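In what follows, a structure is listed as structure tokens, so that the remarks can point back to it.
The values are calculated or read from the model by the stated rules, or taken from the named source; none is laboratory data. All of these numbers come straight from a predicted model, not from anything done at the bench. Positions of Cβ are backbone-derived with ideal geometry, glycine not excepted, and every protein chain shown enters the neighbour counts.
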Amino acid sequence: MEPLLYIEDNQANAKLIQHVVKRYFDFGLAIRIDAESGIEYAKENLPSIILMDINLPGLNGFDALSLLRENPDTAHVPVFALSAAAMPSDIQNGLDAGFNQYITKPIDVPALVAAIRDEIQHQTS
């Protein structure tokens, strides 16, 4: 299985996800600190799931999602938003934009692990 891709510019959040993936999963994790390099990675490696912060330097998560969905190679890759914007309207806007999941920060680790497992199960069934 290709690794998860996490697009996140905050080092503390990236380290948390590294620990989560190492502890709960048997696949790798690629981290990119901006949307542009994340999109390039996704095109070249087609990760199983992309976790993406919304507030990124340069392109934000919504713009990056749009570019991923427009590309035939990456259009099918599930993208989970991980964001500190946690108002119900923020969550709804993210889901309406096409994120497969919208997970708020601080991250509820059991909920994130369950969401990743559910998506992987869906992909393999």
Looking at (1) surrounded by fewer than 20 Cβ atoms within 10 Å (Cβ to Cβ); (2) of a type outside the set (G, A, S); (3) touching a residue at least 24 places away in the same chain (Cβ under 8 Å), which is the only condition D26 fails?
-> (3)
All but one of (1) closer than 16 Å to I116 by Cα; (2) in contact with a strand residue (DSSP E or B) (Cβ under 7 Å, 6 or more places away or on another chain); (3) hydroxyl-bearing (S, T, Y) hold for Y41, so report the exception by its number.
-> (1)
When you look at A81, is it in contact with a strand residue (DSSP E or B) (Cβ under 6 Å, 6 or more places away or on another chain) and either surrounded by 14 or more Cβ atoms within 10 Å (Cβ to Cβ) or touching a residue at least 40 places away in the same chain (Cβ under 8 Å) (or both), yes or no?
-> yes
Can you name every residue in segment 1-50 that is among the small types (G, A, S) and at pLDDT 95 or above?
-> A12, A14, A30, A35, S37, G38, A42, S48
Residue pairs meeting the criteria (Cβ under 8 Å; at least 6 apart or on separate chains; first more than 16 Å from A81 (Cα to Cα), in segment 3-22; second aromatic (F, W, Y) and modelled with pLDDT under 95) | P3/F27; V21/F27
Looking only at segment 1-11, count how many residues are crowded, with 16+ Cβ neighbours inside 10 Å and outside any loop (DSSP other than H, G, I, E, B).
-> 4
Given the conditions (1) surrounded by 12 or more Cβ atoms within 10 Å (Cβ to Cβ); (2) modelled with pLDDT of 95 or more; (3) aliphatic (A, V, I, L, M), which single one is not true for M87?
-> (1)
Take segment 29-45 and flag every residue that is surrounded by fewer than 16 Cβ atoms within 10 Å (Cβ to Cβ) and touching a Ser or Thr at 6+ places or on another chain (Cβ under 7 Å).
-> K43
Just one of the numbered conditions (1) touching a helix residue (DSSP H, G or I) at 6+ places or on another chain (Cβ under 7 Å); (2) surrounded by 14 or more Cβ atoms within 10 Å (Cβ to Cβ); (3) not β-branched (V, I, T) is not true of G58; which one?
-> (2)
